[in-house]
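Note sheet for the following structure.
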Amino acid sequence: MRTAQLIVDVTHVDIWFNMASSAWSERILQLLRRMNNFYSAGSSRSSCFRFEIDGAQVGWIPPHVASLLMPHTDVFLPPQKGAVSLCPSLDCYEKRSEAVNDVVEALRQESSLTCLRGWRDERYSVKPRFCDVPLMWMERAATSLFGVKRYGVHINGYTVNGSGEISMWLARRSNTKQTYPGLLDNMAAGGLAADVGIKHTLIKECAEEACIPADIAAKACPVSTVSYTYEDEEGVFPESQFVFDLELPLHFVPSVGDGEVQDFYLLPIEKVKELLATDDFKPNSAMVILDFLIRHSLIEPDTESYYQEFVTGLHQTL
């Protein structure tokens, strides 16, 4: 009887574990679908206008934004064949950048464009592909109105103890951040501004956000990119994050720097994995850590039925 009872108890544990694992996987799948919703049925993609410069597509303009651009006939041509283009007279980087910025500055008075309330005075490059020469720059807060590609750098800070157990440093975003205040985040991350290098951005963000010395930050290894496109009420967000892994000394403790972070936590990787499926995580940072879990074989195809869906959802073509 005791043996039979033990078998029943173990079976109940297995059922509970499988249910918990399935619920986690479903939440992660929902996250990936939300962060790639621009390509899902029912999105605004079919009604958006291509944003083109010299015949090359550099973004997606939602219809309500296109209508606000049309009065500016010295900058934008009327939509043709599903595309909005700049006037031919704007034939160089400086002219395009200044003309479009003047329009965006004027649109800051438009109450419906909530993204412009977060004006940053930070320039992002506008180009068809990352490897291409920039065709113009655009204020970061306006990029979602034009659906131009945005790039960033995310750093997974982690430790490995003598037993081989991995722990990860997470940041808690400041409650005063313009976006995702108070949520968990990678140890350090930041947007890639125009004319600024990837490694330079990494070292700068590590120093500013986590007070990590440059000689330690420089040891971070480029390991992946995580790419996705989503839309919300503020526009279209095609984004790609350059991902770095940085194994930190066991004795090192990051500390709050520029105030964008309120605290840091060193957590066992299984706890980090659990947190990814909650609403306490900045969505794209959760994706970066999911990529870490897959690359370090902490999620495997034999035990995760959505393994292929996870990999695909993390690496969409922009």
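See the values below:
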read-out: Options Thr229, Thr225; residue that is touching a residue at least 60 places away in the same chain (Cβ under 8 Å), open to solvent by 10 Å² or more (accessible area, probe 1.4 Å) and among the β-branched types (Val, Ile, Thr); value: Thr225
read-out: Hits in the stretch 47-93 - residues which are under 24 Å from Asp132 (Cα atoms) and either of a type in the set (Gly, Ala, Ser) or assigned to a helix (DSSP H, G or I) (or both); value: Gly55, Ala56, Gly59, Gly82, Ala83, Ser85, Ser89, Tyr93
read-out: Contacts under 8 angstrom Cβ, first residue in the stretch 248-270 being farther than 13 Å from Trp169 by Cα, partner loosely packed, with under 12 Cβ neighbours inside 10 Å, 6 or more apart; value: Gly259/Thr176; Gln262/Asn175
read-out: Residues (exposed (fewer than 13 other Cβ atoms within 10 Å of the Cβ) and either in the same structural domain as Cys131 (by the TED database) or under 21 Å from the mean Cα position of the chain (by Cα) (or both)) located in the stretch 232-262; value: Asp232, Glu233, Asp258, Gly259
read-out: Positions within the stretch 115-132 being touching a Ser or Thr at 6+ places or on another chain (Cβ under 9 Å) and among the hydrophobic types (A, V, I, L, M, F, W, C), in sequence order; value: Cys115, Val126, Phe130
read-out: Residue satisfying condition, being touching a Cys at 6+ places or on another chain (Cβ under 9 Å) and more than 25 Å from Met287 (Cβ to Cβ), within set Leu113, Leu77, Leu90, Leu86; value: Leu77
read-out: Unmet criterion (only one of (1) within 22 Å of Met287 (Cβ to Cβ); (2) in contact (Cβ under 8 Å) with a residue 60 or more places away in the chain; (3) open to solvent by 20 Å² or more (accessible area, probe 1.4 Å)) for Asp195; value: (1)
read-out: Matching strands (runs of 3 or more DSSP E) fully within the stretch 127-201 where at least 2 residues are over 30 Å from Ile299 (Cα atoms); value: 136-139
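Here's the yes/no breakdown for (1) within 22 Å of the chain's Cα centre (by Cα); (2) assigned by the TED database to the domain that holds Asp291; (3) buried (at least 19 other Cβ atoms within 10 Å of the Cβ):
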site: Cys87; (1), (2), (3): no, no, no
site: Cys92; (1), (2), (3): no, no, no
site: Asn101; (1), (2), (3): no, no, no
site: Val126; (1), (2), (3): yes, no, yes
site: Arg129; (1), (2), (3): yes, no, no
site: Met138; (1), (2), (3): yes, no, yes
site: Asn156; (1), (2), (3): yes, yes, yes
site: Thr159; (1), (2), (3): no, yes, no
site: Pro181; (1), (2), (3): yes, yes, no
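The values are calculated or read from the model by the stated rules, or taken from the named source; none is laboratory data. Quantities reported herein were computed from a predicted structural model and do not represent experimental measurements. Counting neighbours? That spans all protein chains shown, and the Cβs are built from the backbone with ideal geometry, glycine included. Please note that ligands, DNA and RNA were not included when accessible areas were found on the heavy atoms of the full protein model with its side chains. Shrake-Rupley method; radii C 1.70, N 1.55, O 1.52, S 1.80 Å.
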